[in-house]
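**Q** Starting off with a structure, shown below.
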Amino acid sequence: MWVTSSVVESTVVFAVLVVLAVWIDLFDLPWWVWVLLVAADVVYTAVVPQWRYLVHRWEVTDTAVYTQTGWWARERRIAPMSRIQTVDLVEGAVARLFGLATVTVTTASAAGALEIAGLDRDVARRLVDDLTVKADAVEGDAT
Amino acid sequence: MSEPELQPEIERDSEWQRLDPRMLLVHPIRELVRFLPGLVLLVLAGSAAGGETWQLAFVAVPVLLGLVRYLTTRFRIGDGRIELQRGLLNRHVLSTPVDRVRTVDLTSSPVHRVLGLTTVRIGTGTAATDEDGLDLDGLPVARARELRAELLRAGPASPAVPGATTPPAPEPPVVEFDPAWLRYAPLTGSGVVIAAAAFGAASQLLNSVGGWDRLDPDRLDAPSLSLGVLVVVVLLVALVVVSLLAVGGYVVTNWGFRLTRVPGSGDWHLTRGLFTTRETTLDVDRVAGVGLSEPLGLRLARGARLSAIVTGLDRKQAGSSLLVPPAPRGVAERVADVVLGTRAPATGPLVPHGPRAVRRRWTRALLPALVPVAAAVVAVALGAPSWVLVSVVLLPIAAALAADRSRSLGHALVDGHLASRSGSLVRRRRVLAVEHVIGWNLRATWWQRRAGLTTLVATTAGGSQAVEVLDVPEDEAVRVAHEAMPQLLAQFVRDGSVVGQGGGAPLR
């Protein structure tokens, strides 16, 4: 999924550049800059998704949810079960193509949302049910 | 509002009721002011067209609008809910449970104050826009105060105090406005903001009258002054004007500032404002921590500003959570200690982050400064004029910044509070009670990982939503988070570091 996303991303960036350059004559780049750009795009699509995949971790215990995401800036997030407010399941267009889904766990803080991307759809569904039951079992208004 | 029985307050409120009839005076005046430009245009156009007076009938429109607004707005408090109904064509019914009320603000504009009225704004901690806010615009002041007491007492956080009908003697204020604080006003950025806004408005006005064209610089007769003197004079005048504006703004918003503790419940009560007075009550259980901020100017004058981190209030409502306006640092620290109930977190010593964090501060400050300097040197070598080398002054500035930033870096976990300090141009010290931490984020870029550093973020439901501890050594970050919430982190800690089990771990 990430490979596809990044292919789409870099293609779009490239296309925008081409359109800007050719159509509006906005800037005039020598040919070697184009070569560099293409190379950067290829490397980006080849390396970053793999890297991302290697970094990605998630874990759910009885009292907490844990995720690790990112490739350059790596972020680990921990939220106690008692502070979970909503559990979202999102299937994007690209993700649907591969039968994947993203689960987002939000807490009362805007800085504390946990995102588990690229889960198998069935696993994601089970995870959502599981989290809902567990979060429901804990007392308090989660703030 | 002088009847002695306070007890049936809630019962009486459970009927639909209107706001105070005196609002019939306030609404038309306000609408009139809002329509004033249009009205003036209409009258001008009318008199130019023939001097008929029928245009005056348009004055009736705002008056009518005010009347309609008064007649269509009703509210009631009953069954544990507050309900507000308003609007003639688009009928709004707002409803919220009483036990979700987090703050109650009383705001009185000058018009309100003349009539002895006030606006009650009920905060529930949602990201409500102005349109959706629960505003009871126009209640008599005494009635509004009773209502506030009732609402906050009904909340779950402050249990009903038996025998609260006879309020105990009010406690002495924790902090009170001191005119000497005015000297800190010019040191904050607010004067510049006000001046910029005023300048913007003025230039727009000039523009619409076509004044810019008439302001021909050649026709200004200041030929006797050289350019340098002129620049200095203009700068001085600007400085004085900006300072005056800052002092004015400070007086208008903070005059009569008073922070007191509500007897009985222990909630915090704030009053401030010169023309428009504002009373805020903060539920003591929702005060998660405090933030002490010292912009450079204030810090040099040993001043500081203190605000509270309140659950359910975000940065946009920062006005509600200001505990001490720019004032001597001693005052701000004393209030912080009182609010937190303990001395150590706000004023005690902090643990520095070690040499690696310091090195990171230096590289981060020096590298961006080096780029233009290097560019300048190359340019001069290639034949550019030598004044370009002036950019070398960037280096000592960057160095000073780096030294100061590494000096202010620090954190502490004492008395159930997490304290963290960072920054130089605006140095901030944030203190957050551990029981209000609702999650931990550990963030590290590739560079940080190489240096063995990480940024520990304690998320919370108020203020800026998180307290950051910048660039702590990894093991120290884990230790702090672990100590704060032992049962939480232990399950993810392996070999002194936080790790997960692996992608797509099976559900248990």
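**Q** Yes or no: B:Arg69 more than 29 Å from the chain's Cα centre (by Cα), assigned to a helix (DSSP H, G or I), basic (Lys, Arg) and more than 22 Å from B:Leu270 (Cβ to Cβ)?
**A** yes
**Q** Sort out which residues of region B:429-440 are surrounded by fewer than 24 Cβ atoms within 10 Å (Cβ to Cβ) and either free of Cβ contacts under 8 Å to residues at least 24 places away in the same chain or under 11 Å from B:Val469 (Cα atoms) (or both), and write them in order of number.
**A** Hit for region B:429-440 is B:Glu435, nothing else.
**Q** Taking the condition outside the structural domain of B:Arg430 (by TED's automatic domain parsing), at pLDDT below 85, crowded, with 19+ Cβ neighbours inside 10 Å and not acidic (Asp, Glu), does B:Gly297 pass?
**A** On the way: outside the structural domain of B:Arg430 (by TED's automatic domain parsing): yes; at pLDDT below 85: yes; crowded, with 19+ Cβ neighbours inside 10 Å: no; not acidic (Asp, Glu): yes.
Judged against the criteria, B:Gly297 is not a match.
**Q** Looking at region B:311-331 only, could you name the residues that are over 17 Å from B:Trp255 (Cα atoms) and modelled with pLDDT of 80 or more?
**A** B:Arg329, B:Gly330
**Q** Next question. Is it fair to say B:Arg91 is of a type in the set (Lys, Arg) and closer than 23 Å to B:Val141 by Cα?
**A** no
**Q** Condition (residue is at pLDDT 75 or above and at the interface with another protein chain (Cβ under 8 Å from one of its Cβ atoms)) applied to region B:468-478: is it met by at least one residue? It would help to see each step written out before you state the result.
**A** Applying the first criterion (at pLDDT 75 or above) to region B:468-478 yields B:468-478.
Cutting the leftovers down to at the interface with another protein chain (Cβ under 8 Å from one of its Cβ atoms) gives us none.
No, region B:468-478 contains no residue that is at pLDDT 75 or above and at the interface with another protein chain (Cβ under 8 Å from one of its Cβ atoms).
**Q** Something else now. Looking only at region A:127-143, decide whether some residue is part of a loop (DSSP other than H, G, I, E, B), hydroxyl-bearing (Ser, Thr, Tyr) and surrounded by fewer than 21 Cβ atoms within 10 Å (Cβ to Cβ).
**A** Taking region A:127-143 and keeping what is part of a loop (DSSP other than H, G, I, E, B), we get A:138-143.
After this cut, where a residue has to be hydroxyl-bearing (Ser, Thr, Tyr) as well, the list is A:143.
This time we only want the ones that are surrounded by fewer than 21 Cβ atoms within 10 Å (Cβ to Cβ), so: A:143.
Checked region A:127-143: at least one residue is part of a loop (DSSP other than H, G, I, E, B), hydroxyl-bearing (Ser, Thr, Tyr) and surrounded by fewer than 21 Cβ atoms within 10 Å (Cβ to Cβ).
**Q** Pull up region A:77-105, narrow it to residues that are within 13 Å of another protein chain (Cβ to nearest Cβ) and among the charged types (D, E, K, R), then point me to the one that is surrounded by the most Cβ atoms within 10 Å (Cβ to Cβ).
**A** Filtering region A:77-105 for residues that are within 13 Å of another protein chain (Cβ to nearest Cβ) and among the charged types (D, E, K, R), the one surrounded by the most Cβ atoms within 10 Å (Cβ to Cβ) comes out as A:Arg83.
**Q** On the basis of being facing another protein chain (nearest Cβ under 7 Å) and free of Cβ contacts under 8 Å to residues at least 40 places away in the same chain, does A:Ala46 make the cut?
**A** No, not satisfied.
**Q** Please work out if B:Thr445 is within 20 Å of the chain's Cα centre (by Cα) and within 14 Å of chain A (Cβ to nearest Cβ).
**A** Against the criterion (within 20 Å of the chain's Cα centre (by Cα) and within 14 Å of chain A (Cβ to nearest Cβ)), B:Thr445 does not qualify.
**Q** Okay, next question. Within region A:105-119, is there a residue that is farther than 16 Å from B:Thr460 by Cα, at pLDDT 80 or above, in contact with a strand residue (DSSP E or B) (Cβ under 9 Å, 6 or more places away or on another chain) and assigned to a loop (DSSP other than H, G, I, E, B)?
**A** no
**Q** Given the structure, is B:Ser406 in the same structural domain as B:Leu367 (by TED's automatic domain parsing), over 26 Å from A:Thr69 (Cα atoms) and of a type in the set (S, T, N, Q)? Break it down into steps so the answer makes sense when it comes.
**A** Details: in the same structural domain as B:Leu367 (by TED's automatic domain parsing): yes; over 26 Å from A:Thr69 (Cα atoms): yes; of a type in the set (S, T, N, Q): yes.
Considered against the rule, which asks whether it is in the same structural domain as B:Leu367 (by TED's automatic domain parsing), over 26 Å from A:Thr69 (Cα atoms) and of a type in the set (S, T, N, Q), B:Ser406 comes out as yes.
**Q** Then there is this: Filter region A:66-76 for residues that are in a strand (DSSP E or B) and either at the interface with chain B (Cβ under 7 Å from one of its Cβ atoms) or farther than 23 Å from B:Thr445 by Cβ (or both) and give the result.
**A** Residues satisfying the conditions are A:Tyr66, A:Gln68, A:Arg74, A:Glu75, A:Arg76.
**Q** Counting just the residues of region A:49-65 that are farther than 22 Å from B:Leu489 by Cα and surrounded by 18 or more Cβ atoms within 10 Å (Cβ to Cβ), which one comes out farthest from the other protein chains (Cβ to nearest Cβ)?
**A** A:Pro49
**Q** For region B:422-431, check the following and say yes or no: at least one residue is among the polar types (S, T, N, Q) and either more than 24 Å from A:Arg74 (Cβ to Cβ) or away from chain A (no Cβ under 14 Å) (or both).
**A** Yes: one or more hits.
**Q** Has region B:180-191 got at least one residue that is at pLDDT 75 or above, part of a helix (DSSP H, G or I) and hydroxyl-bearing (Ser, Thr, Tyr)?
**A** Checked region B:180-191: at least one residue is at pLDDT 75 or above, part of a helix (DSSP H, G or I) and hydroxyl-bearing (Ser, Thr, Tyr).
**Q** Tell me whether region A:73-92 contains one or more residues that are touching a helix residue (DSSP H, G or I) at 6+ places or on another chain (Cβ under 9 Å) and on the phi > 0 side of the Ramachandran plot.
**A** Taking every residue of region A:73-92 in turn, none turns out to be touching a helix residue (DSSP H, G or I) at 6+ places or on another chain (Cβ under 9 Å) and on the phi > 0 side of the Ramachandran plot.
The values are calculated or read from the model by the stated rules, or taken from the named source; none is laboratory data. Fair warning: this is a prediction, and the values are worked out from it, not measured in the lab. All Cβ positions, glycine included, derive from the backbone under ideal geometry; neighbour counts span all protein chains shown.
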